[in-house]
1. Hey, can you tell me all the residues within the stretch 171-188 that are of a type in the set (Asp, Glu) and touching a residue at least 40 places away in the same chain (Cβ under 8 Å)?
2. Can you go through Glu107, Glu136 and tell me which one is within 28 Å of Val26 (Cα to Cα) and over 15 Å from the mean Cα position of the chain (by Cα)?
3. When you scan the stretch 97-139, how many residues do you find that are of a type in the set (Gly, Ala, Ser), loosely packed, with under 13 Cβ neighbours inside 10 Å and either in contact with a Cys (Cβ under 7 Å, 6 or more places away or on another chain) or in a helix (DSSP H, G or I) (or both)?
4. Check off (1) closer than 26 Å to Glu37 by Cα; (2) out of contact with any His (no Cβ under 6 Å at 6 or more places or on another chain); (3) surrounded by fewer than 19 Cβ atoms within 10 Å (Cβ to Cβ); (4) not polar (S, T, N, Q) for Pro155 and give me the number that stays unchecked.
5. Looking only at the stretch 27-45, decide whether some residue is within 23 Å of Leu185 (Cα to Cα), at pLDDT 95 or above and among the charged types (D, E, K, R).
6. Could you tell me which residue of the stretch 50-68 is surrounded by the most Cβ atoms within 10 Å (Cβ to Cβ), considering only residues that are touching a residue at least 40 places away in the same chain (Cβ under 8 Å) and over 11 Å from Phe27 (Cβ atoms)?
7. For the stretch 48-86, what are the residues that are in contact with a helix residue (DSSP H, G or I) (Cβ under 6 Å, 6 or more places away or on another chain), farther than 20 Å from Pro13 by Cβ and in a loop (DSSP other than H, G, I, E, B)?
Amino acid sequence: MELQHVNVKVSLPSPGGIDPEGFIPVFHGWIQDQVLEELLIDVASYAHVINGPGVVLIGHRADYSIDSTGGRLGLRYNHKAPLSGSNFERFKQSARAALQACRLLEENPQLKGLRFNAGELELFVNDRALAPNTPEIRAACEPELREFFQWLYQPIGFALELEKDPRQRFGARAKAVGAVEIKQLLERLKG
């Protein structure tokens with residue numbers, strides 16, 4: 001099965017005191033300087049929506065957001081345009097883009113020591129028609145998800161939890177069994 005519209009979310013382990021609207025000027029700066037591989041266009045705030053998309057940096061092919069869906073605050077990368085290659089390559093591309101954005105946010109002095117949890121990544125498909133969250137889709141795609149996270153989190157290992165609620169998008173959450181840094185994962189994702 002060819003999976004498109006791959007999203008990756010990297011959580012913030014201690015979201016207390018973080019105001020999503022504080023990311024608006026940072027995202028505007030990213031647009032002005034075009035600091036990412038994506039063509040960046042605009043910023044929209046949905047911070048008033050509980051457990052919603054938060055603050056969204058809109059791009060031509062992909063969006064980035066400080067997102068609180070599922071009651072978990074984090075950075076979400078949403079690839080909107082079709083990508084060629086294998087599912088493994090699409091997973092790599094989305095994870096690399098999400099983690100690069102996290103690294104830039106962590107390095108931004110305006111955000112005062114913000115740290116993302118590289119040891120916990122959510123990967124899901126933002127297309128219910130292409131990949132409905134059914135037992136059949138989960139069974140068909142679980143081996144590819146396991147292969148990707150095993151490669152990404154080697155040698156420390158990981159635990160994988162598939163989203164089983166059919167009302168939610170198809171995807172999974174991987175948790176590394178040891179400490180891992182964004183820098184380490186980005187190094188692995190280079191190739």
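The values are calculated or read from the model by the stated rules, or taken from the named source; none is laboratory data. Remember, predicted model here, so these are calculated numbers, not experimental data. A quick note on method: Cβ atoms are made from the backbone with ideal geometry, for glycine too, and the neighbour counts reach across all protein chains shown.
1. Filtering the stretch 171-188 for residues of a type in the set (Asp, Glu) gives 181, 187.
Glu181 - this is the single residue of the stretch 171-188 that is of a type in the set (Asp, Glu) and touching a residue at least 40 places away in the same chain (Cβ under 8 Å).
2. Glu107
3. Keep residues of the stretch 97-139 that are of a type in the set (Gly, Ala, Ser), which gives 97-98, 101, 113, 118-119, 129, 131, 139.
From what's left, loosely packed, with under 13 Cβ neighbours inside 10 Å: 113, 129, 139.
Filter once more, keeping what is either in contact with a Cys (Cβ under 7 Å, 6 or more places away or on another chain) or in a helix (DSSP H, G or I) (or both): 139.
Summing the residues that are of a type in the set (Gly, Ala, Ser), loosely packed, with under 13 Cβ neighbours inside 10 Å and either in contact with a Cys (Cβ under 7 Å, 6 or more places away or on another chain) or in a helix (DSSP H, G or I) (or both) in the stretch 97-139 gives 1.
4. Going through (1) closer than 26 Å to Glu37 by Cα; (2) out of contact with any His (no Cβ under 6 Å at 6 or more places or on another chain); (3) surrounded by fewer than 19 Cβ atoms within 10 Å (Cβ to Cβ); (4) not polar (S, T, N, Q) one by one, Pro155 breaks only (1).
5. Within the stretch 27-45 (the criterion being within 23 Å of Leu185 (Cα to Cα), at pLDDT 95 or above and among the charged types (D, E, K, R)), the answer is no, since none of the residues qualifies.
6. The qualifying residue surrounded by the most Cβ atoms within 10 Å (Cβ to Cβ) is Asp67.
7. Scanning the stretch 48-86 gives a single hit, Leu83.
Matching residues to (1) modelled with pLDDT of 95 or more; (2) in a loop (DSSP other than H, G, I, E, B); (3) crowded, with 19+ Cβ neighbours inside 10 Å; (4) touching a Lys or Arg at 6+ places or on another chain (Cβ under 8 Å):
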{"position": "Phe88", "(1), (2), (3), (4)": "yes, no, no, no"}
{"position": "Ser94", "(1), (2), (3), (4)": "yes, no, yes, no"}
{"position": "Glu161", "(1), (2), (3), (4)": "yes, no, no, yes"}
{"position": "Arg173", "(1), (2), (3), (4)": "yes, no, yes, no"}
